[in-house]
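What follows is one structure encoded as structure tokens, with my remarks underneath.
The values are calculated or read from the model by the stated rules, or taken from the named source; none is laboratory data. Since we're looking at a predicted model, the values are computed, not measured. Heads up, the Cβs are rebuilt from the backbone with ideal geometry, glycines too, and the neighbour counts pull from every protein chain shown. The accessibility values were calculated without ligands, DNA or RNA, using every heavy atom of the protein model including side chains. Shrake-Rupley method; radii C 1.70, N 1.55, O 1.52, S 1.80 Å.
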Amino acid sequence: PVLVESLLVLAVVLAVHGAVWDRFSWCALALALQAFYVQFKWDRLLQLGGAVFQFRGAANSGLLPSSMVIPLLGIVMKERCRAAGIVYFERFGIVVASTGMLLALFLSVLAVGITKPVPTNTCILTGIAGSVIIYTMKHSLAVSEVIEVLEVLLIFVYLSMILLYLLPRCFTPGEALLVLGGVSFVLNQLIKRSLNVIEGRGDPVDFFLLVAVVGVVLLGLFFTVLFTFMDSGTWISSLFFHMMTAVLGLGVIMPWLYRLIQRNPLFWLLQFLFQTQTRLYLLLYWSFLAASACGVVFYQNAKRSSGSKKHQASTVTRKYFHFIVVATYVPGLIYDRQLLYVAAVLCLAVFIFLEYVRYFRIKPFGQTLRHLLSLFLDERDSGPLILTHIYLLLGMSLPVWLFPRSCAPKGTLSGAGALVPYSGVLAVGVGDTIASVFGSTMGEIKWPGTKKTFEGTMTAIFAQIIAVALILIFDSSVNLNSSYAWILASVSLVSLLEAYTTQIDNLLLPLYLQIMLMA
């Protein structure tokens with residue numbers, strides 16, 4: 001399975017290399033080849049228990065698929081913005097690609113360094129790939145851009161040391177690279193933009209995303225350190241938690257956002273949410289869907305008898321939430337993407353805050369949340385945090401957040417790129433859901449070495465093609481310009497990756513589909 005997963009990722013890298021064909025795509029190819037060898041060293045370390053931290057079990061290291069996401073996103077973003085003539089975001093894409101390559105190299109060097117005996121051939125390969133990447137960065141980046149890349153690497157190192165120690169068994173090495181690398185980049189961008197505020201420069205919704213992500217992460221770090229010295233389950237601790245959340249929110253996060261957008265954040269948010277009648281209708285519709293999702297949780301827990309505490313929700317029941325998310329995102333993508341962008345940021349902040357309440361057992365809802373959510377756990381929730389529902393939200397939202405609006409004339413890209421905002425809906429909402437439901441109920445022929453079935457994968461591909469046809473009918477802004485073969489190849493590759501990867505598919509699949517569609 002690891003070999004097939006690696007071949008599928010290499011196929012994506014070659015597809016991007018063939019479409020772009022510049023020095024950075026060659027660097028991505030070199031990075032992929034060395035990551036292919038190094039991931040076996042990580043896998044061996046995980047099996048022998050020789051890794052520095054405790055990583056998530058029942059999964060391989062995932063180094064290759066995770067190492068390629070950020071560099072490939074930067075490369076395709078750079079190419080799209082270069083074609084549109086937007087120099088600033090073309091340079092931004094180069095910085096993203098360089099940062100992703102340096103983070104992946106750091107993780108590879110770490111694995112090689114702690115492997116005993118030292119793997120000579122892998123060391124040589126990593127050294128060659130690193131030399132090619134650093135040489136390319138030297139001749140492509142300005143001094144300020146090199147400093148920016150090194151800042152992200154420094155933040156990533158310290159953040160990894162803190163969070164991987166505090167949260168054992170929550171991530172594989174690859175997932176840690178993706179999640180913590182993304183948070184490090186967001187934190188660096190927020191610091192950079194806060195120090196260079198120019199009135200009227202920048203979109204407030206982008207600042208809202210940056211401040212929200214950094215705010216909830218800092219909030220979690222603060223309370224994790226605090227509750228190592230006191231019991232978090234008492235009423236006094238819970239009262240202190242709510243008071244400090246209000247103090248940090250109103251005293252740090254709100255002024256920070258005010259400095260960036262140059263207006264009152266609460267008034268701006270209310271004005272933004274209720275600006276048009278369409279937005280009001282969408283908010284009412286989404287509120288109904290949120291109530292329905294809560295109803296499913298309460299209904300499933302009511303069905304659980306007192307004598308069957310080990311009972312878990314079925315695959316079909318869990319995928320019901322995927323259908324709700326699709327029903328949430330599709331109208332937003334068709335009618336108001338800006339509103340969907342902001343609403344997804346708010347939902348992410350709420351989800352993470354509720355996870356803090358559950359994890360720290362904050363009264364009055366902490367213990368209730370623990371009981372309600374325990375029914376929906378699967379083997380990927382082996383650590384102290386429950387992250388699968390947050391990954392689902394991220395998988396659906398990242399294509400919307402990472403869509404290069406400034407490089408898209410009239411708000412949409414040409415060809416297959418027009419489907420980029422729908423990457424999460426297609427890969428996770430439709431493909432992964434249909435594959436799981438049909439595979440678990442009617443699948444008989446299993447892919448070699450996995451629990452996934454041939455019938456599930458083929459049905460997922462077919463369902464995504466139907467979804468693309470429906471998007472063409474209902475979204476007039478989508479014009480594929482006869483790029484149907486590329487779309488079919490992209491959907492097929494990502495569906496096969498879903499069958500073979502042991503990483504969090506909700507996070508990985510939408511990003512790979514976005515990369516293919518943008519390429």
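Select from segment 415-471 the residues that are of a type in the set (D, E, K, R) and outside any helix (DSSP H, G or I) and write down the one among them that is surrounded by the most Cβ atoms within 10 Å (Cβ to Cβ).
The residue in question is 452.
List pairs: first residue in segment 344-371 and more than 20 Å from residue 302 (Cβ to Cβ), second residue crowded, with 20+ Cβ neighbours inside 10 Å and charged (D, E, K, R) anywhere in the structure, Cβ distance under 8 angstrom, at least six positions apart or on different chains.
366/358
Among the candidates 32, 28, which residue alone is in contact with a His (Cβ under 9 Å, 6 or more places away or on another chain), in a helix (DSSP H, G or I), of a type in the set (A, V, I, L, M, F, W, C) and farther than 20 Å from residue 170 by Cα?
After applying the criteria, what remains is 28.
Would you please list the contacts, defined by Cβ atoms under 7 Å and residues six or more apart or on different chains, that run from a residue in segment 236-257 that is farther than 21 Å from residue 268 by Cα and open to solvent by less than 50 Å² (accessible area, probe 1.4 Å) to a residue that is assigned to a helix (DSSP H, G or I) and among the aromatic types (Phe, Trp, Tyr)?
If the second residue must be assigned to a helix (DSSP H, G or I) and among the aromatic types (Phe, Trp, Tyr), the pairs left are 241/223.
Results for (1) buried (at least 19 other Cβ atoms within 10 Å of the Cβ); (2) more than 20 Å from the chain's Cα centre (by Cα), shown as yes or no for each residue.
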position	(1), (2)
25	yes, yes
34	yes, yes
44	no, yes
52	no, yes
60	yes, no
63	yes, no
69	yes, no
83	no, yes
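Do the conditions hold for residue 397, that is, is it buried (at least 22 other Cβ atoms within 10 Å of the Cβ), within 30 Å of residue 85 (Cα to Cα) and of a type in the set (Gly, Ala, Ser)?
yes
Take the residues in segment 184-204 that are open to solvent by 30 Å² or more (accessible area, probe 1.4 Å) and in a helix (DSSP H, G or I), then tell me which one is farthest from residue 74 (Cα to Cα).
Within segment 184-204, the match that is farthest from residue 74 (Cα to Cα) is 195.
For segment 332-381, which residues satisfy the criterion of being open to solvent by less than 60 Å² (accessible area, probe 1.4 Å), over 25 Å from residue 214 (Cβ atoms) and either in a helix (DSSP H, G or I) or among the basic types (Lys, Arg) (or both)?
333, 334, 372, 373, 374, 375, 376, 380
Let me spell it out: the conditions are (1) over 24 Å from the mean Cα position of the chain (by Cα); (2) part of a helix (DSSP H, G or I), and residue 232 meets all of them except one. Which number is the exception?
(2)
Name the single residue that is farthest from residue 23 (Cα to Cα) among those in segment 118-133 being polar (S, T, N, Q) and open to solvent by 60 Å² or more (accessible area, probe 1.4 Å).
Filtering first and then ranking leaves 120.
Out of (1) in contact with a Lys or Arg (Cβ under 8 Å, 6 or more places away or on another chain); (2) assigned to a loop (DSSP other than H, G, I, E, B); (3) surrounded by fewer than 22 Cβ atoms within 10 Å (Cβ to Cβ), what's the single condition that is false for residue 168?
Answer for residue 168: the failing condition is (1).
Find all pairs meeting these conditions: Cβ atoms under 8 angstrom apart; at least six residues apart or on different chains; first residue within segment 440-464 and closer than 16 Å to residue 4 by Cβ; second residue open to solvent by less than 20 Å² (accessible area, probe 1.4 Å) and assigned to a strand (DSSP E or B).
What qualifies is 445/453; 446/453; 447/453.
Which ones in segment 9-23 are part of a helix (DSSP H, G or I) and open to solvent by less than 40 Å² (accessible area, probe 1.4 Å)?
Of everything in segment 9-23, those that are part of a helix (DSSP H, G or I) and open to solvent by less than 40 Å² (accessible area, probe 1.4 Å) turn out to be 9, 10, 11, 12, 13, 15, 16, 17, 20.
Please find, among 147, 70, the residue that is out of contact with any His (no Cβ under 7 Å at 6 or more places or on another chain), β-branched (Val, Ile, Thr) and under 30 Å from residue 417 (Cα atoms).
It is 70.
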